[in-house]
Structures are given as structure tokens and as C-alpha cells.
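What follows is a set of notes on a single structure, which appears directly below.
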Amino acid sequence: MANSNDLWEKKLQDPSATPVPLPFEFLKAITCDFSSGQELGRGEHGVVYK
């Protein structure tokens, strides 16, 4: 059975999907708890993660 993170990842891969807010717990999971090792860069509007 797929967990909720798997379902969100599948939705993000769908080019026909409409934009939706992502749950905080999903963002936390895919960035390894917002780890600095996952950072791609920082800018005026925040941090960009892998």
C-alpha cells in the first residue's frame, strides 16, 4: 500500500494536475527535515531544496 508521501510524489509527476498546497509534513520529509545538505541555494524569497 502506498503511503501519503508516495501519493503526493505521484501527483507532482502528473503534468495535467492543477497546483495544490503541499502538506508541511510532506515538504519536511522530502527535504530531510529541511537539512542544509539538501539546499541548492538561498534567495530573497527563501531557500531552495533538492
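The values are calculated or read from the model by the stated rules, or taken from the named source; none is laboratory data. Since we're looking at a predicted model, the values are computed, not measured. Here Cβ is always computed from backbone atoms with ideal geometry, including for glycine, and neighbour counts include all displayed protein chains.
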Check: When segment 3-35 is examined, which residues are found to be modelled with pLDDT of 90 or more and among the small types (Gly, Ala, Ser)?
Finding: SER16, ALA29, SER35
Notebook entry, point to check: Restricting the first residue to segment 20-38 and requiring it to be touching a residue at least 24 places away in the same chain (Cβ under 8 Å), which pairs with a second residue that is surrounded by 12 or more Cβ atoms within 10 Å (Cβ to Cβ) and part of a helix (DSSP H, G or I) meet a Cβ separation below 8 Å and a spacing of at least six or different chains?
Noted result: ALA29/ASN5; ILE30/ASN5; ILE30/GLU9
Next item on the list: Sort out which residues of segment 21-50 are assigned to a helix (DSSP H, G or I) and either at positive phi or among the aliphatic types (A, V, I, L, M) (or both), and write them in order of number.
Entry: LEU27, ALA29, ILE30
Next item on the list: Taking the residues in segment 35-45 that are under 14 Å from the mean Cα position of the chain (by Cα) and surrounded by fewer than 12 Cβ atoms within 10 Å (Cβ to Cβ) as candidates, determine which candidate is farthest from ASN3 (Cα to Cα).
Entry: LEU40
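Residues are listed down the side, and each one gets a yes or a no for (1) part of a helix (DSSP H, G or I); (2) aliphatic (A, V, I, L, M); (3) surrounded by fewer than 11 Cβ atoms within 10 Å (Cβ to Cβ):
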site: TRP8; (1), (2), (3): yes, no, no
site: LEU12; (1), (2), (3): yes, yes, no
site: SER16; (1), (2), (3): no, no, yes
site: PRO19; (1), (2), (3): no, no, yes
